[in-house]
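The values are calculated or read from the model by the stated rules, or taken from the named source; none is laboratory data. Quantities reported herein were computed from a predicted structural model and do not represent experimental measurements. Note that each Cβ is placed from the backbone with ideal geometry, even for glycine, and that neighbours are counted across all protein chains shown. SASA here: full protein model, heavy atoms, side chains in, ligands and nucleic acids out. Shrake-Rupley method; radii C 1.70, N 1.55, O 1.52, S 1.80 Å.
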Amino acid sequence: MESVVPTQITQELTQILSNLVLGDNEIRANAEKAVNERLVHTPELYLLALAQFAITADTEVMRSFSLFAITADTEVMRSFSLVLLRRLLFRTSPSPSPTASRLTLYDQLSHQTLTTLERLLLYTLSHETSAAVRRKAIDTICDLANQSMLRGRPWHALQAQTFSMVQVQDETEGVQNWGYRESAFRVFAGCPNLVMDLQIDAVLSVLQGGLRDRWSIDVRHAALLASVEYLTHADPGQLSQSLCLIPAILETLPALASSLSSPPLGASLPNGPKTSNYHYLSTFLSTLTPLASTHPILFAPHLQNMLTFLPSLILPPVDCGPTPTVGRPYPTGGGRQGAFVFPPPSGSQYDDDDTNGSRNGVDDDGEGEDDTEADERSTLRLSALEFMVSLSEARPAMVKKMTGWTEVIVRACLEGMGEGEDEVEAWLAEDPSLGSPTDTDSQPALYEQALDRLACALGGRAVLPPAFQYIPSMLASYDWRVRHAGLMAIAAIGEGTGRVMLKELEKIVDLVVPMFNDSHPRQRTDLYQRAAAPQEVIQRQYHQKLFSALIPALEDPEPRVHAHAAAALINFCEGVERDTLLPYLDAIVVRLLKLLDPESSQPPSSPTQPTQPPIVHRYVQEQAITTLAMVADASEGMFAKHYSTIMPMLLNVLRNAEGKEFGKLKAKAMECAGLIAIAVGPDVFRPDSKSLIEILFDSEIETPQEATDTQMAHYLIATWSKVCQAMRGEFEPYLPIVMPSLLAAASVKADLSLYDDDDDTTEEKEGYETVMMDGRTYGVKTSVMDEKCEAFETLVIYCHCLGAKFAPYLAQTLEITLPCLKFYFHEGVREACAILIPMLLSCGKESQTLTNQMVAATFNQLINCIITETDASFLSSLFKHLTESLRVLGGPSPLTATFHEPIIEATKRQLQSLADKRKARAARANSASGGVGGIGEMDREELALLEEIEDFALEDMGKMLSLFDSNHPLLVAVGSVRDLGFNTYDSEEEDEGDE
């Protein structure tokens, strides 16, 4: 093709592109700088040069610059030029001009340059023989076409050329022609607006022809991509006329499913791709899944036909697997039985007896299957399952009417959940305190997530019967993985089927409780992990059965098992009443103490047969201490009988846990000691209070102040506050130790990072949270804000517990607190400050240190905050704590009269604001019901919840006004505002029909 830019530009661009792909950072940075400079001065030439480079770059050009050794593959360089062109075209202009800086480079190109650029790209589309380069050209063409149409510039030449390419049918040049057709359909998929305004019959004819292309499966896939995009973007009228496209789309799937055992379909073409048919079918299903989510109704007439081939894709081959023996109770290798019974049944409606005597065209013994094929088969199962689950989520009522649909998905999920790897030895050797890798992407986890989604979509009546057809036999399987899958299945369907499951809860508990004695340690551990999830009904009704299973588990021989059992006890202790816990208290504490100090429970050794000291796992000790703390907190004063045993042990840990590796253990011991001190009260704690305080003081001095040691600093602050709660007024002498650092933490400023609003690629930095203020975007360092919030929450505790004895720090604390009522970077800080204000006033009044200046500053700030507050939740807090502050003073009367009118005016302003918001919402809801505009169900629920929050604010306003006058005129206005709005929160009862 004739060159459109001078030779020297092409040569210079070749050098720049070669430098951009080098690994040397300095060379690459200089090349990027050169690109920006050229784009400032001559953007048109260099953009055209990039497009031309994709056509004309060859080995001779590369050799002429002695670059062949560096970039031997010219296809890579030509692809890179197209990628760079695509990125640069719609990037904000680097020009220093304020006007130009708001435009993209595309917006600054002349009509002639755009026409030339389009001509170059069309030439690449129709003449490029490299599939890799052609894909990059298609991406660039689609971006250019979409952006041009948005700017009112249709690309008619592209439309004409793609329609011409898609109809090439010369079989003598089959390889080239299928490449043309594939490219054309990919353009339609990337830019569906090219066909949306054309005659529907012509578009459907082209798409159907591509879906039935007999030359290339890649053409069929590209046509499927285009068809999905066309249907997704079609308006209702177009959609109703395009229903005939769905059969052609679905016909591609069973044909592929029947060819899984055949040679790769792409191999029929000379030099064609040799991708496996498993991969093709997975890709087709993944392409179709978004359409199932957005337009599920299109598939309604075809569900029965889909059930003829989808089950064979999502169910695994049946294989009994190796026989278990006494010496090898968990055999691995070879195949595996179906998840439900042993041996697996025959004659199932989904057991497809094909001509090869196998499912999916693969011999059932699985021998000779390489890892690649196994991965592709697994991917296909998950792709087919995702398609079915997505369709079920999008249209639950539709699929529930189809007999067999739900049943086969449930069975497929249960089968997949039982196919995990048996790596128990490696698992037992792991130290969970170091953070075990998550299994959320493992195959069993993906099947579990699919089952969870199905249960949430279809509800208990649809999912529970087929699930519990198999779960009991799974729990009795010889294979621990199958037992594990049955247990995980009960947990997975719990959220979506909760109401129906409650009716059968006793049977389920009786089914699960025996699993606490399972012979496999992994099964027991995961059971305790699931048991850690709080379930109030279970704790209330079945605590005896569960405690009788959990408590003995603390003596399990496997450390990971009894550590998880201890963790599970935490939620049970928090979820039951104190009187319910008391009968189990002694048994729990005795076993936890054994975990904390195993040597204390060892029998004395004889001189002839000395016993080996037990192995102590630090993560077990950490968990035991945490559980002891929660048990003490839940049992309150009844824990005092165990105090004399536990507290010395904790103090010993705190004195001797030195070194970074013991930091977490020391922190947990601090927390536990503080909670126990609160539980037993000052009289029991007093003899040890001095020892604990000395340890905390020494830790305060030793703790480095670097940001990396925030965990220990957090636990120190929290433990000091617990000691204060336990000692109450006796803590006063220690205030000089804790207050300086606490006030410093409360005074810290927000660590802000201003983001560039013009940069669309700005990502939130790790450890920062994005906030909007005054029209600008800021990043706020979250750890600093959390520490500030914790400091104010601790000040609330000190002031509440010490009362008048907090007076020496009253003025300084009030000075820090008042401005933070407007600390918009952290809601927790503002809330803690609002709570703290009446406490500080009470402290000053009791200690007779409250001055008129303090009172005036406090109420001025409260009034100013009320006037400007827009958050209904915090507005409620402001009125609530304003009322409490007035009561501390003895009512409005002792307050200077100059504050009365501003308080009432601020209240009037907020009443008017709330009234306007509610009227606007009501108008919007009414217009939506009349067919104009729209409020979705989610929006309606959110707005109704917002009105409920506003009702709390109105209630607190009323209480404050009543303090001024029980018959205050504004009380009528408060009631009137409450009656405004659409008020659907309580009027619409939740439909529980399906549950």
If you go through the range 694-712 one residue at a time, do you hit one that is open to solvent by less than 30 Å² (accessible area, probe 1.4 Å), at pLDDT 85 or above and not in a loop (DSSP other than H, G, I, E, B)? yes
If I filter the range 542-572 down to residues being more than 33 Å from the chain's Cα centre (by Cα) and charged (D, E, K, R), which single residue comes out as surrounded by the fewest Cβ atoms within 10 Å (Cβ to Cβ)? Glu555
Here are Ser877, Ser842, Ser913: which of them is among the polar types (S, T, N, Q), touching an Asp or Glu at 6+ places or on another chain (Cβ under 8 Å) and either open to solvent by 10 Å² or more (accessible area, probe 1.4 Å) or in a helix (DSSP H, G or I) (or both)? Ser877
Some residue of the range 643-657 being of a type in the set (S, T, N, Q) and either more than 28 Å from Leu696 (Cα to Cα) or at pLDDT below 80 (or both): no
Number of positions in the range 658-680 that are surrounded by fewer than 19 Cβ atoms within 10 Å (Cβ to Cβ) and among the small types (Gly, Ala, Ser): 2
With the condition kept exactly as written, say whether any residue in the range 58-73 is open to solvent by 20 Å² or more (accessible area, probe 1.4 Å) and modelled with pLDDT of 75 or more. no
Give me the pairs, please: first residue somewhere in the range 275-286 and under 15 Å from Ala374 (Cα atoms) and at pLDDT 85 or above, second residue anywhere and polar (S, T, N, Q) and buried (at least 22 other Cβ atoms within 10 Å of the Cβ), beta-carbon distance under 7 Å, and either six or more positions apart or on two chains. Ser282/Ser383
From Ala455, Ala491, Ala467, Ala462, which residue is under 26 Å from the mean Cα position of the chain (by Cα) and either at pLDDT 85 or above or open to solvent by less than 20 Å² (accessible area, probe 1.4 Å) (or both)? Ala455
I'd like to know if the range 78-98 contains one or more residues that are at pLDDT 80 or above and loosely packed, with under 13 Cβ neighbours inside 10 Å. yes
Answer yes or no: is there a residue in the range 799-821 that is under 20 Å from Ile866 (Cβ atoms), of a type outside the set (Asp, Glu), crowded, with 18+ Cβ neighbours inside 10 Å and within 33 Å of the chain's Cα centre (by Cα). yes
In the range 32-49, residue modelled with the lowest pLDDT [restricted to those that are surrounded by 14 or more Cβ atoms within 10 Å (Cβ to Cβ) and closer than 18 Å to Ser79 by Cα]: Val35
Restricting attention to the range 872-889, does a residue exist that is over 16 Å from Met960 (Cβ atoms) and in the same structural domain as Leu945 (by the TED database)? yes
Pairs with Cβ under 9 Å, 6+ apart, first in the range 854-867 and closer than 23 Å to Leu911 by Cβ, second among the charged types (D, E, K, R) and open to solvent by 40 Å² or more (accessible area, probe 1.4 Å): Gln861/Lys822; Ile863/Glu905; Asn864/Lys822; Cys865/Lys822; Ile866/Arg909; Ile867/Glu905; Ile867/Arg909
